[in-house]
Amino acid sequence: MRRLILAFSILLILASPALADIVRTVSTEYYLVEGRDPKTIFTNLKNHSPLNKGIKTYQAHTLTNIKYNLKWRNKGGQCTLTKATVYLHLTYKYPKLVHSVDYKTRKWWKEFMTNLEEHELIHGEISTKAAHLLDETLESFPTTNCINFKAEIKKRATRILDKMKRDQKEYDRLTEHGLKQKRNMGRYP
């Protein structure tokens, strides 16, 4: 009988919902680019880029939005996290050709887009890694004095998100924003 109760207890513990969850959503947006040859297309890519930093333009971009929602229990001034949900939304922005193009240009475009997509998907992986780290951090968050509870969670979350931003910048530096993508594949994240 004791074994049955122990087995049942273990099953209940294993079947209980996890403390933290990740809700990941992804969307893809396109901006239109005109041109029928690589030179014209590339000029228009620079003019219609979704990301401009001074004189630098980037032909694709990954937007990361990470938020979290918490539920906790206050018992005698000590707060215990009872549920945490991490929300990760990734938005990939890519160019899309307006016109049909000849075979040579289409081949160039396909290779160009493949490189852009590879680069941006790794940005998404870096963001996903940060969301999982935030999830793990919240899942193991200790019972804390309620006065410091929210501030300590925010401090830890900010540290993770700041590291993610540094990792994104380092990845762009390493690949020169995708220009040297092939040479650096496998080095990130």
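Nothing in this text is a laboratory measurement; each read-out follows from the coordinates by a stated rule. Please read these numbers as outputs of a predicted model, since none were measured by experiment. Cβ sites come from the backbone with ideal geometry, for glycine too, and all protein chains shown count toward neighbours.
Dimensions of the stretch 92-176 from C-alpha coordinates, computed as largest minus smallest value along each principal axis and given longest first, are 67, 24, 17 Å. With each label modelled as a point 7 angstrom along the Cα→C-beta vector, the Lys169-Cys146 pair spans 3.9 nm. Ordering His119, Val23, Phe141 by Cα displacement along the dipole of the stretch 19-184 toward the positive end leaves Phe141 in first place; charges were set at the Cβ atoms of Lys, Arg (+1) and Asp, Glu (-1).
Modelled this way, with points 7 Å down the Cα-to-C-beta line, the labels at His48 and Ser100 are 1.9 nm from one another. Secondary structure note: in the stretch 19-184, about 60% of the DSSP beta bridges are antiparallel.
Fully extending the segment from Leu63 to Ser27 would add 12.0 nm, taking 0.36 nm per residue of separation and subtracting the current Cα-Cα distance. The listed peptides 22-31, 56-65, ordered by packing as a protection proxy, come out as 56-65, 22-31 (highest mean of other Cβ atoms within 10 Å first).
One decimal place: the segment Lys155-Asp37 gains 37.5 nm when fully extended, by the rule 0.36 nm per residue minus the C-alpha distance. With θ taken as phi - 60° and the Karplus curve 6.51 cos²θ - 1.76 cosθ + 1.60 applied, the whole-hertz 3J(HN,Hα) list for the stretch 70-80 is 10, 10, 9, 10, 9, 10, x, x, 10, 9, 10 Hz, x standing for glycine and proline. In loop segments of the stretch 121-164 as defined by DSSP, there are no trypsin sites (Lys or Arg not before Pro) with at most 14 further C-beta atoms inside 10 Å of their C-beta. Shown in residue order for the stretch 90-99 are the 3J(HN,Hα) couplings computed by the Karplus curve 6.51 cos²θ - 1.76 cosθ + 1.60 at θ = phi - 60°: 10, 10, 9, 10, 10, x, 9, 6, 7, 9 Hz (x for Gly and Pro).
Distances between every pair of Cα atoms in the stretch 19-184, grouped in 10 Å steps from 0 to the bin holding the largest one, split as 10, 31, 26, 17, 11, 5, 1, 0 percent. Using a cutoff of 8 angstrom between alpha carbon atoms and counting only pairs six or more residues apart, the relative contact order for the stretch 19-184 works out to 27 percent.
Among the listed pairs Lys46/Lys163; Lys129/Lys165; Lys46/Lys165; Lys46/Lys110, those with a Cα-Cα distance over 20 Å are Lys46/Lys163; Lys46/Lys165.
Using only side-chain charges placed at the Cβ, +1 for Lys and Arg and -1 for Asp and Glu, the dipole size of the stretch 19-184 relative to its Cα centre rounds to 360 debye.
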